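Presented below is the structure to which this report refers.
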Amino acid sequence: MGGTGRPESGQHGPGQSGWHTAWSAALDALEADVAATEALLADDHRLRDLPPASPWSPPPGLGLLPLDLRPRADAILARQIAAAQAVATALAANRRQAAVLARIETGGDGGPRPTYLNCAA
């Protein structure tokens, strides 16, 4: 145990399985959030319809991350960064597409529309 009364990173022993399980569950929840974001991007859902995201922090009282879970946490972080970049790219593409659409004249201004007149008849 460290000076804080919590297990030190990577330390295993009797009673440590609950601590390891708690960290594993916390990483499961974080990974599920990233997977949901990736799924939304893959399915081209509208990001504006999503509820506001809340920042993640580990549940209180977990202590340091177990050393053997570090590679998993690093992989989740890499996926989060990639998902954030994909969201930013998708938003920029949507803004460009909206700007192009705004420049297209639709003829829907309510005024009379020209009609075809056959002068040869």
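Throughout, read-outs are computed from the coordinates displayed, never taken from laboratory work. Values in this document were obtained by computation on a predicted structure and should not be read as measured data. Note that we place each Cβ from the backbone using ideal geometry, even for glycine, and neighbour counts take in every protein chain shown.
When the expected Rg is taken as 2.2 N^0.38 Å, what fraction or multiple of it is the alpha-carbon Rg of the stretch 53-92?
Against the empirical 2.2 N^0.38 Å value, I get 1.50 for the stretch 53-92.
Compute the signed sum of charges (Lys and Arg +1, Asp and Glu -1) over the other residues within less than 14 Å, Cβ to Cβ, of ALA73.
For residues surrounding ALA73, the net value is -2.
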